[in-house]
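Let me begin by presenting the structure, written as structure tokens, before commenting on it.
What follows draws every value from the coordinates through simple rules; no lab data is involved. Since the structure is predicted, the reported quantities are computational estimates derived from the model, not experimental observations. Reconstructed Cβ throughout: ideal geometry from the backbone, glycine too, with neighbour counts over all protein chains shown.
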Amino acid sequence: MSFRVLPGYPRRAHLEFFRRYPNPFYSMTFELDATRVRARARELGGSTYAALVWSYHRALTGIDAFRTRLAGDDVVLHDALRIGMTVPAPDRTFSFATLEWQADVERFLVEARRRMRAASAAVDLDAGAAPDFAYYTALPQVPFTSFAHVPLPDPTAGQPEAAFGRFREEGGRTFVPVGVLVNHLYVDGADLGDLCDAAHASFE
């Protein structure tokens with residue numbers, strides 16, 4: 001876990017403002033064109049879910065706000081974020097698979113297949129409990145237009161969360177809803193706008 005302290009953090013007043021709130025988390029939902037991501041996953045023989053995660057995570061980590069956390073009273077910026085994914089587990093439960101970020105999508109999909117298979121064999125709900133994570137889940141049967149994640153128990157936690165819903169086909173294109181949860185201590189509306197733009201570009 002590598003990070004650097006931000007001594008002149010420009011949003012310190014905003015962070016302290018939202019730090020007073022018992023639940024500073026908030027959500028939004030937007031739709032992405034997943035046509036190319038889905039096709040690329042099939043071409044590489046990888047998981048479409050993992051390919052969605054890779055494409056979205058690439059956009060997310062390119063924006064400093066989503067890598068910003070509190071460490072004690074210091075505001076820090078993590079160099080990278082690891083990935084935590086929910087995967088199906090025995091008896092209609094779920095487990096967590098964790099992965100390191102890899103810029104090479106082919107290598108990432110190979111490693112994701114291995115990690116997801118291993119995590120699905122037994123329930124592990126302790127993986128990924130660290131500040132330098134982003135969390136992902138999928139509800140492939142649910143065509144949601146709005147989504148609210150369960151907020152983390154620590155109101156200063158900064159791990160962003162994203163859920164992918166059921167695909168929607170229109171005009172030969174495939175669209176996927178994405179439900180996002182962030183912490184207002186670190187992330188403002190302008191950052192979400194940047195994320196939306198970056199995710200659209202990454203999915204293309």
Mind jotting down the three principal axis lengths of segment 131-204 based on Cα atoms? Whole angstrom, largest first.
42, 25, 20
Highest mean packing first, using Cβ neighbours within 10 angstrom, the peptides 110-118, 60-68 sort as 60-68, 110-118
Assigned charges on the beta-carbon of Lys, Arg, Asp, Glu; the chain dipole about Cα centre (debye)
400
Two-decimal Rg/Rh across segment 17-85, once Rg and the Kirkwood Rh are taken from alpha-carbon atoms
1.09
Picking from Leu125, Leu185, Leu15, which is most flexible by a Gaussian network model of the chain using Cα springs under 10 Å?
Leu125
Work out the P(r) tail for the chain: percent of alpha carbon pairs separated by more than 25 Å, whole number.
36
Over what distance in Å are the Cα centres of segment 8-77 and segment 93-115 separated?
17
